[in-house]
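One structure is given below, encoded as structure tokens.
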Amino acid sequence: MSGPVSGVRQSRRWSLRRRLGLWLAASVAALWLAAATVAGLVLQHEIGEVFDSALQEVAQRVLPLAYSELLSREAGDAPQHMAPIGPHREYITYVVRDGDGRVLLQSSDAELMAIPPSLAPGFRTTDRLRTYTEAAVRGTIVVTTAEDLGHRAAAVRRAVMALIWPLVALVPIALAGVWLAVRLSLKPVLAFRRAIAARGRGNLTPVAADGLPEEMAPVATAVNALMERLRGALEAERGFTANSAHELRTPIAAALAQTQRLLAELPEGAERQRARDVAGALRRLSRLSEKLLQLAKAEGGGLLAEHPAPLGPVLRHVIAELDHQTDRQTDRQTDLGADLVVTIPPDGGPVSDLDPDAFAVLARNLIENALKHGAPDRPIDVRLREDGFEVANRCPVVPADRLAALLRPFERGPTQAEGSGLGLAIAAAVCRGAGLRLDLASPIPGEADGFQVTVRFPAPILTGR
């Protein structure tokens, strides 16, 4: 299972750069479409005026021809068709009639247009035609010019499409331009964000705010002020813990020495037993002060080394100290009759930028916690792998709802063993400060009972050998 130290997965959010880019590109496209629509309406009006002028111009040009035709015309003559000069499409047609409505002269496509007779002078619009009629010689000659409305609509449509089609090429160009402009504009903001994200390992130094836009400068000032207040509060808290624990060491050691001397001088009896009880309490108090010092160091930062180093030698040193301070047996090969079964890669184990002292504190607390709360007749498994550090001991299963609480200071599980409740809290503090992940599992995966702690080294910290 994932421990409480592991990061919380957040839902994916759209970046400001993406939002600005999409909104600006969409705005440019919408404005272009609106402009094309307005331009289309204007074009429709202007094209209508141009074609109306053409209708009127054709009618006025045809009138002299029609008058000459009427003078030279003999009774009974059929209507005359004006033959086209060459093959072409006739958009404007005309027809000349006399006062009685008889056709005197017409263009080649006039019959196809079916221009209605008896139209009043001026411009008229029918279902499918736009016409202009003009009369002369006291109404004896009437000229009507006509144009198909579909031709006008097609002309307007082609003009509007000529405005809209460039939008197809404009949108990708606009997107690229907006993205580039937004990226360059937000470059200081992104650098500021990365600088804040880099403060995740106990680094509370001020964040550089150079080049930030005017709107973001107050945010940078507020963030730096907040980190300064936070650093002051943490330093005060850690300083109090460390100083208190440090100042207690000397009087505790002096009291313990006097008690041990008193034990040597007292005969067997109630007084000597009370002196033993006092000595035991002083030893527990000494261990508590040592744990408080370790907790202060774990929460105080400085958990990363300048140069990566293998962790195997550090773990061997921790095991050797435990063997020296107690009479326990450590077997690095088998588990026959051993309190500790330690597995370390022959090449020295993983190479990490975790500070050796911090790893020693971490390993010692996890191993001591396993020895203290594990079954006395079962060995403790200690494994250092390329991807993590693992300590497992046999014990009754710890309820799942209690696992997270064990990482808080002075929290203890269902055990009768003596302890301060700081071992796992110190390990969790080291993992938080060094960017490691701490997982707790009970029972041991694949087993029926037991308790297992796994420290996982992420890729940015661990480098394989």
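Things to note:
- Within the stretch 336-354, residues that are closer than 20 Å to ALA320 by Cβ and modelled with pLDDT of 80 or more have Cβ atoms under 9 Å from residues that are assigned to a loop (DSSP other than H, G, I, E, B) and among the hydroxyl-bearing types (Ser, Thr, Tyr) in these pairs: VAL341/THR334, counting only partners at least 6 apart in sequence or on another chain.
- Among the residues making up the stretch 407-446, a single one is open to solvent by 60 Å² or more (accessible area, probe 1.4 Å), under 24 Å from ASP357 (Cβ atoms) and modelled with pLDDT of 85 or more: ARG437.
- Any hit, the stretch 352-363, residues being part of a loop (DSSP other than H, G, I, E, B) and either open to solvent by less than 50 Å² (accessible area, probe 1.4 Å) or among the acidic types (Asp, Glu) (or both): yes
- Lone unmet requirement of (1) among the charged types (D, E, K, R); (2) under 30 Å from TYR67 (Cα atoms); (3) open to solvent by 20 Å² or more (accessible area, probe 1.4 Å) for GLU147: (3)
- The criterion of being at pLDDT 85 or above and farther than 20 Å from ARG432 by Cβ holds for ALA370.
- Some residue of the stretch 167-190 being among the basic types (Lys, Arg) and either loosely packed, with under 14 Cβ neighbours inside 10 Å or touching a residue at least 40 places away in the same chain (Cβ under 8 Å) (or both): yes
- Within this structure, PRO84 fails the test of being out of contact with any Ser or Thr (no Cβ under 9 Å at 6 or more places or on another chain), modelled with pLDDT under 75 and surrounded by 12 or more Cβ atoms within 10 Å (Cβ to Cβ).
- The stretch 50-72, residues that are at pLDDT below 75 and small (Gly, Ala, Ser): ALA66, SER68, SER72
- Of residues in the stretch 111-129 being over 11 Å from LEU149 (Cα atoms) and charged (D, E, K, R), the one most open to solvent (accessible area, probe 1.4 Å): GLU111
Let's see how each residue does on (1) among the charged types (D, E, K, R); (2) over 60 Å from the mean Cα position of the chain (by Cα):
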{"site": "LEU104", "(1), (2)": "no, yes"}
{"site": "GLY150", "(1), (2)": "no, no"}
{"site": "LEU163", "(1), (2)": "no, no"}
{"site": "ALA169", "(1), (2)": "no, no"}
{"site": "LYS187", "(1), (2)": "yes, no"}
{"site": "ARG193", "(1), (2)": "yes, no"}
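The values are calculated or read from the model by the stated rules, or taken from the named source; none is laboratory data. These numbers come from a predicted model, not from an experiment. Using ideal geometry, Cβ is built from the backbone for each residue, glycine included, and neighbour counts are taken over all protein chains shown. Heavy atoms of the whole protein, side chains included, go into the accessibility calculation; ligands, DNA and RNA do not. Shrake-Rupley method; radii C 1.70, N 1.55, O 1.52, S 1.80 Å.
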